[in-house]
1. Tabulate in residue order the Karplus-calculated ³J(HN,Hα) for the stretch 18-31, using 6.51 cos²θ - 1.76 cosθ + 1.60 with θ = phi - 60°, rounded to whole Hz; enter x for Gly and Pro.
2. In whole angstrom, note down how far apart the Cα centers of the stretch 90-118 and the stretch 22-77 are.
3. Once you have the alpha carbon radius of gyration of the stretch 1-126, what is it after dividing by 2.2 N^0.38 Å, with N set to its residue count?
4. Considering only DSSP beta bridges where both residues belong to the chain, give the percentage that are antiparallel (nearest 5).
5. Given the pairs K109/K133; K18/K76; K3/K158; K55/K189; K39/K84; K18/K150, which are separated by over 28 angstrom at their Cα positions?
6. Choose one of L74, L126, L137: the residue whose Cα lies farthest towards the positive end of the charge dipole of the stretch 5-168 (beta-carbon charges +1 Lys, Arg; -1 Asp, Glu; about the Cα centre).
7. Kindly provide log₁₀ I(q)/I(0) values, in the same order as q = 0.15, 0.19 Å⁻¹, from the Debye equation applied to equal alpha-carbon scatterers of the stretch 46-97.
8. I want to make sure I understand the PRE zone here: with the label point 7 angstrom from the Cα of A190 toward its beta carbon, which residues in the stretch 89-111 have backbone N atoms less than 14 Å away?
Amino acid sequence: MLKRVLTYSHELLQQTVKPGDFVIDATAGNGNDTLMLAKLVGDTGHVLSFDIQEKAIENTRELLRKHNMNNVSLIKDSHSQLEKYLHGKMYGNIDGAVFNLGYLPGSNKSIITKPESTIAAIQQLLPHLKEEKLIVLVVYYGHEGGEKEKEELLQMVKNLDQKRFSVLEYRFMNQQNHPPFLLAIEKRKAR
Ligand code: SAM
């Protein structure tokens, strides 16, 4: 059975994120991915979760509170500032990251992820990502501004050095109306 894009994004993270891991949710939104990551890393792990909107930070905090999760740092800042929060010492120590691009469901559709900041965040993450670990992106692009982000992002990931990274694109070809698709970047083991 073919997995829906969001389901597949969760499966990839479930396969690669383990208890004790240090992971990033670059777009907290309503907190669903943050919650999943928090459960996967458990008490001995930690999640950094970013969003630029106060509403998203509040929604995520509330969801985590309901589930008694205390292993998340919520950061109201752009993921393009990610490196500031890693303090250098995290170099090579990130076990995974997820991005859900687009706008906060049920909120202001003009606050969207943008190509410059999304690409800046990925570029900052890549050196910190452990080998055989993933950055998973779910790309929604049906809204105004979405197409531009999609094109620039595809251009960037296509040009990643294949000796160092494997890039997967997973999408349904026959769905109408800009269905979301998935990109996964794996850091390959150095030979
Ligand atoms: N993963 C979320 C969930 O499980 O509910 C959905 C994320 S939603 C599609 C995209 C989110 O990205 C919005 O909440 C938006 O505020 C946030 N966002 C937009 N630009 C951002 C940036 N530069 N840094 C961090 N978050 C950003």
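1. These are the phi-based 3J(HN,Hα) values: 10, x, x, 6, 10, 9, 10, 9, 7, 9, 4, x, 8, x Hz.
2. With the stretch 90-118 and the stretch 22-77 each reduced to a Cα centre, they are spaced 13 Å.
3. Numbers: Rg = 13.9 Å, N = 126, 2.2 N^0.38 = 13.8 Å.
Cα Rg divided by the expected 2.2 N^0.38 Å: 1.00.
4. Details: 13 of 30 bridges.
Rounded to the nearest five, the antiparallel share is 45 percent.
5. Values: K109/K133 32 Å; K18/K76 26 Å; K3/K158 23 Å; K55/K189 39 Å; K39/K84 25 Å; K18/K150 30 Å.
In this structure, K109/K133; K55/K189; K18/K150 lie more than 28 Å apart at Cα.
6. Positive-most Cα among the choices belongs to L74.
7. With one equal scatterer per Cα and no solvent, log10 I(q)/I(0) is -0.45, -0.70.
8. Those under the cut-off are 91-93.
The values are calculated or read from the model by the stated rules, or taken from the named source; none is laboratory data. Remember, it's a predicted structure, so these values are computed and weren't measured experimentally. Note that each Cβ is placed from the backbone with ideal geometry, even for glycine, and that neighbours are counted across all protein chains shown. We work out accessible area using only protein heavy atoms, side chains counted, and drop any ligands, DNA or RNA first. Shrake-Rupley method; radii C 1.70, N 1.55, O 1.52, S 1.80 Å.
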